[in-house]
Amino acid sequence: METISTTTSEEIKNANRQFESTFEQGDTAGMADLYTNEAMLLPTGFDMLQGKAAVQNFWQGARDMGLKRLKLNTVDLEQYEEAAIETGTYKLYAAGDQEIDHGKYLVVWKKENNRWKLHKDIWNSSVSNQPA
């Protein structure tokens with residue numbers, strides 16, 4: 001593991017802000033472009049999804065289900081040469097800024113065409129579906 005450079009940290013932070021704004025704008029093609037060509041999504045309750053078309057379809061489905069905004073918060077970031085691993089928390093919002101989910105995520109970032117892109121993206125909810 002290398003010490004994370006300020007440049008890498010800033011680039012990934014900026015990519016996360018772009019992810020948030022692109023999602024809020026409903027630009028799912030733009031979201032897919034933030035992922036590598038061989039990207040994998042591992043969302044809760046779904047099979048593994050691979051490739052930009054699958055990524056775009058997944059995020060379009062999320063928008064169609066009523067998700068309007070998301071917020072990402074990096075907790076930890078480690079760099080390994082041309083890859084980085086980010087651990088963080090997320091919040092998902094419906095219309096009217098109603099929070100409908102929150103949880104944690106792990107992203108493996110990879111350099112592609114000299115840009116940090118999401119390569120492996122997994123998250124799960126911290127909201128319990130168990131009876132109180």
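Conditions (1) at pLDDT below 95; (2) under 20 Å from residue 110 (Cα atoms), marked per residue:
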{"position": "19", "(1), (2)": "no, yes"}
{"position": "25", "(1), (2)": "no, no"}
{"position": "31", "(1), (2)": "no, yes"}
{"position": "44", "(1), (2)": "yes, no"}
{"position": "57", "(1), (2)": "no, no"}
**OP:** Check residue 31 against each of (1) closer than 21 Å to residue 85 by Cβ; (2) touching an Asp or Glu at 6+ places or on another chain (Cβ under 9 Å) and name the one condition it does not meet.
**Re:** (2)
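Looking for whichever is closer than 17 Å to residue 55 by Cα, in contact with a strand residue (DSSP E or B) (Cβ under 9 Å, 6 or more places away or on another chain) and among the charged types (D, E, K, R) here; the options are 104, 117, 91. Which one fits?
Details: 104 fails: closer than 17 Å to residue 55 by Cα; 91 fails: closer than 17 Å to residue 55 by Cα.
Unique residue meeting the criteria: 117.
Take the stretch 87-98 and flag every residue that is out of contact with any Asp or Glu (no Cβ under 7 Å at 6 or more places or on another chain) and in a strand (DSSP E or B).
Initially, the stretch 87-98 is screened for residues out of contact with any Asp or Glu (no Cβ under 7 Å at 6 or more places or on another chain), giving 88-90, 94-98.
Hits for the stretch 87-98 are 88, 89, 90, 94, 98.
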**OP:** Being touching a residue at least 12 places away in the same chain (Cβ under 8 Å), closer than 17 Å to residue 31 by Cβ and not aliphatic (A, V, I, L, M) is the filter here, so list the residues in the stretch 60-87 that pass it.
**Re:** 60, 63, 66, 68, 69, 71, 86
Original post:
Taking the stretch 19-59, which residues are of a type in the set (S, T, N, Q), touching a residue at least 24 places away in the same chain (Cβ under 8 Å) and either buried (at least 16 other Cβ atoms within 10 Å of the Cβ) or assigned to a loop (DSSP other than H, G, I, E, B) (or both)?
Top reply: 28, 36, 44, 56
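The values are calculated or read from the model by the stated rules, or taken from the named source; none is laboratory data. Only a predicted model underlies this, so the values are computations on that prediction, with no experimental measurement involved. Glycine also receives a Cβ, built like all others from the backbone with ideal geometry; neighbour counts cover every protein chain displayed.
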